[in-house]
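These notes concern the structure reproduced below.
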Amino acid sequence: MDEHASSPAIAETPTAEPALATTPLDALHRRLGARMAPFAGYSLPLHYPSGVIAEHLHTREKASLFDVSHMGQALLTGRGAARLLETLVPADLESLTPGRTRYTQLLAEDGGILDDLMATRLPGREERLLLVVNAAAKEQDFALLGQELPQLSLTVLAGRALLALQGPRAASVLSRILPGVEEAPFMGWVATEYDGASAFVSRSGYTGEDGFEISIPGHLATGLFERLLAHEDVAPAGLAARDSLRLEAGLCLYGHDIDATTDPVEAGLLWSIGKRRREEGGFPGFARIRAAIDNGPARRRVGLLPQSKAPLRDGAILTAPDGRVVGGVTSGGYSPCLSRPIAMGYAESAFAAPGVRLASELRGKPVEVEVAALPFVPHRYASRGKGRA
Amino acid sequence: MSGERYTKDHEYVRLEGQGDDEVAVVGVTDYAQAQLGDIVFIELPEPGARVDKGGQLATIESVKAASEVYSPISGEIISANDALDDEPGSVNEDPLGRGWLAKLRIVDATELEGLMDENAYRAFVESL
């Protein structure tokens, strides 16, 4: 058997690979019987014995616990931190209330996306932003921030683990261990205490469900993970479920749906660019982004429903009825909730409306593909600091 | 030969029937299905097609990735397990039984000699 390039091979052992980093939860994952796989230089659980479909459905029904400690966490501190970071990202950070988080992108000079990230303005007298960035990009992100914003101090929080508790039961479960977190609204943030140490809790996630990301010192991670797992509503979930959940939720995966060749407008991320920023600019690639706003982007990120039983994968082309290539698939897989293949990709704007029929190819055979609205499964974020789920 | 013979790529072949009715049942091992994770679709070969030892026999789609299955022996496809079309998860649940992929008429029985028996395959898997 031979798995295709995008995922870990079956027949090949990873021994020839450079040594992988581990998270503080590594021993626990192995104890839980996880199948570990390399991702962004880390050994991480791909799935646990119950399997990706069960983990996925459990997340939508109750709550799942993910180890996302591979992601980069850093504090950007100093006077004017929000205003200065705005020179690298298109989000309105100056108006961001302390204790609130915004999704944004680090942009290149041409408006291409270097990485996507969460930025939280921390409460307190000092101006501080907490950043959470992608694992694969964290070194270059932090190097860029250090180089471009030398007036600010960048503290990489390398010793902290990051746990994601996601699903409709997440708030009721977590509030028993960290009381008060259930009061946070969606994209809200609170600092609290766990086992005598500081815990940062953000009401956000990557599944389309209500949920939390919890940052704690690495040495406390195993204890908290086990304590959460002890709750009957909570089960562990791996990277495979994280990917299928975010695809159903229509959320971008950096390196697939967005990268240095895509700008935030064509990627459907204009909602993350505040009104003031759209008018004033002051971030890399403003000319391209302003033009895309004014004229509409030449292509758009779209949902795709392959009319086949087999999933279409990243790299499949999309053609118009006349045979012309008008786009391509950037993420593809199987939807456990819809029990069918789903995908995301880009299509020229004339072909980007839901219902448009395009064609693709799978192993030499034609496959019809219907453009679909995103998300495939509606988001169910907390509306306003719901006390109970 | 009795029981299954195995490849290093985690396929198996098992002879069933006698004489002219002898067929080779081909599939993937329990180790393979565990590594693949939940299987959602299997592209099976067409009856009548000829496959070479080591040639592509089927494609297994799990939630995350597509994996190719290579034929452990050369032969002609007599039938494919069409029940997998509706229940691809049979390969996860019972890979050596309900989860078989195809039946072949083999052309060269000596090819079987190069494959591992159960003890050798078990030792191979433990070495991974």
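The values are calculated or read from the model by the stated rules, or taken from the named source; none is laboratory data. On a predicted model such as this, the values are computed, not experimentally measured, just so you know. Cβ atoms come from the backbone with ideal geometry, glycine included; neighbour counts cover every protein chain shown.
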Worksheet entry | Members of the stretch A:329-349 found to be surrounded by fewer than 18 Cβ atoms within 10 Å (Cβ to Cβ) and small (Gly, Ala, Ser), listed by number | A:SER339, A:SER349
Worksheet item: Residues B:VAL40, B:VAL25: which one is buried (at least 22 other Cβ atoms within 10 Å of the Cβ) and either touching a Phe, Trp or Tyr at 6+ places or on another chain (Cβ under 7 Å) or not basic (Lys, Arg) (or both)?
Response: B:VAL40
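Yes/no per residue for (1) in contact with a strand residue (DSSP E or B) (Cβ under 7 Å, 6 or more places away or on another chain); (2) crowded, with 18+ Cβ neighbours inside 10 Å; (3) within 18 Å of A:MET71 (Cβ to Cβ); (4) touching a residue at least 40 places away in the same chain (Cβ under 8 Å):
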{"position": "A:LEU152", "(1), (2), (3), (4)": "yes, yes, no, yes"}
{"position": "A:LEU165", "(1), (2), (3), (4)": "yes, yes, yes, yes"}
{"position": "A:ALA171", "(1), (2), (3), (4)": "no, yes, no, yes"}
{"position": "A:GLU183", "(1), (2), (3), (4)": "no, no, no, yes"}
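So, in the stretch A:328-353, how many residues would count as being under 18 Å from A:LYS309 (Cα atoms), polar (S, T, N, Q) and part of a strand (DSSP E or B)? Even if it seems obvious, please write down each step before you answer.
Residues of the stretch A:328-353 that are under 18 Å from A:LYS309 (Cα atoms), as a first pass: A:329, A:331-344.
Filter once more, keeping what is polar (S, T, N, Q): A:331, A:335, A:339.
Then keep just the ones that are part of a strand (DSSP E or B); that gives A:331, A:335.
Residues meeting the conditions: 2.
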Worksheet item: Just a yes or no: is a residue in the stretch B:59-71 on the phi > 0 side of the Ramachandran plot and more than 10 Å from chain A (Cβ to nearest Cβ)?
Response: no
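Might you check whether a residue that is under 21 Å from A:VAL356 (Cβ atoms), within 25 Å of the chain's Cα centre (by Cα), surrounded by 17 or more Cβ atoms within 10 Å (Cβ to Cβ) and of a type in the set (A, V, I, L, M, F, W, C) occurs anywhere in the stretch A:281-290? Lay out the reasoning, then the answer.
Just the residues of the stretch A:281-290 that are under 21 Å from A:VAL356 (Cβ atoms), to begin with: none.
Within the stretch A:281-290, none of the residues are under 21 Å from A:VAL356 (Cβ atoms), within 25 Å of the chain's Cα centre (by Cα), surrounded by 17 or more Cβ atoms within 10 Å (Cβ to Cβ) and of a type in the set (A, V, I, L, M, F, W, C).
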Worksheet item: Would the stretch A:167-174 turn up any residue that is touching a His at 6+ places or on another chain (Cβ under 9 Å), farther than 23 Å from A:ASN134 by Cβ, of a type in the set (A, V, I, L, M, F, W, C) and at pLDDT 95 or above?
Response: yes
Item to complete: Take the residues in the stretch B:37-58 that are within 23 Å of A:ARG246 (Cβ to Cβ) and out of contact with any His (no Cβ under 9 Å at 6 or more places or on another chain), then tell me which one is farthest from the other protein chains (Cβ to nearest Cβ).
Response: B:ILE39
Response to the item:
Matching residues in the stretch A:50-72 (crowded, with 24+ Cβ neighbours inside 10 Å and within 13 Å of chain B (Cβ to nearest Cβ)) number 4
Discussion item. I'd like to check something: does the stretch B:26-36 contain any residue that is touching a residue at least 24 places away in the same chain (Cβ under 8 Å), within 30 Å of A:PHE39 (Cβ to Cβ), under 15 Å from the mean Cα position of the chain (by Cα) and more than 12 Å from chain A (Cβ to nearest Cβ)?
Written reply: yes
Discussion item. For the structure I just gave you, tell me whether B:LEU96 is aliphatic (A, V, I, L, M), within 14 Å of chain A (Cβ to nearest Cβ) and either buried (at least 23 other Cβ atoms within 10 Å of the Cβ) or touching a residue at least 60 places away in the same chain (Cβ under 8 Å) (or both).
Written reply: no
Discussion item. With the structure loaded, tell me whether B:LEU112 is modelled with pLDDT under 95, part of a helix (DSSP H, G or I) and touching a strand residue (DSSP E or B) at 6+ places or on another chain (Cβ under 8 Å) or whether it fails that test.
Written reply: yes
Discussion item. So in the stretch B:1-10, with the set limited to residues that are in contact with a Leu (Cβ under 8 Å, 6 or more places away or on another chain) and within 14 Å of chain A (Cβ to nearest Cβ), which one is surrounded by the most Cβ atoms within 10 Å (Cβ to Cβ)?
Written reply: B:THR7
Item to complete: From (1) surrounded by fewer than 20 Cβ atoms within 10 Å (Cβ to Cβ); (2) assigned to a loop (DSSP other than H, G, I, E, B), pick out the condition that doesn't hold for A:HIS219.
Response: (2)
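Identify all residues within the stretch A:185-216 that are within 15 Å of A:ARG380 (Cα to Cα) and part of a loop (DSSP other than H, G, I, E, B); write none if there are none.
Initially, the stretch A:185-216 is screened for residues within 15 Å of A:ARG380 (Cα to Cα), giving A:185-187, A:203-212.
Scanning the stretch A:185-216 gives A:PRO185, A:PHE186, A:MET187, A:ARG203, A:SER204, A:GLY205, A:TYR206, A:THR207, A:GLY208, A:ASP210.
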Worksheet, complete the sentence: Among (1) within 20 Å of B:VAL40 (Cβ to Cβ); (2) more than 14 Å from chain B (Cβ to nearest Cβ); (3) free of Cβ contacts under 8 Å to residues at least 40 places away in the same chain, A:LYS309 falls short only on (2)
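Out of the residues in the stretch A:360-383 that are small (Gly, Ala, Ser) and crowded, with 17+ Cβ neighbours inside 10 Å, state the one that is farthest from A:LEU305 (Cα to Cα). Before the answer, list the steps.
Here is the first cut: in the stretch A:360-383, the ones small (Gly, Ala, Ser) are A:360, A:364, A:372-373, A:382-383.
From the residues that got through so far, the ones that are crowded, with 17+ Cβ neighbours inside 10 Å too are A:360, A:372, A:382.
Values: A:SER360: 11, A:ALA372: 6, A:ALA382: 28 Å.
Of everything passing the filter in the stretch A:360-383, A:ALA382 is farthest from A:LEU305 (Cα to Cα).
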Item to complete: Identify the single condition in (1) among the aromatic types (Phe, Trp, Tyr); (2) within 14 Å of another protein chain (Cβ to nearest Cβ); (3) farther than 26 Å from A:HIS56 by Cβ that A:TYR334 does not satisfy, given that it satisfies every other one.
Response: (3)
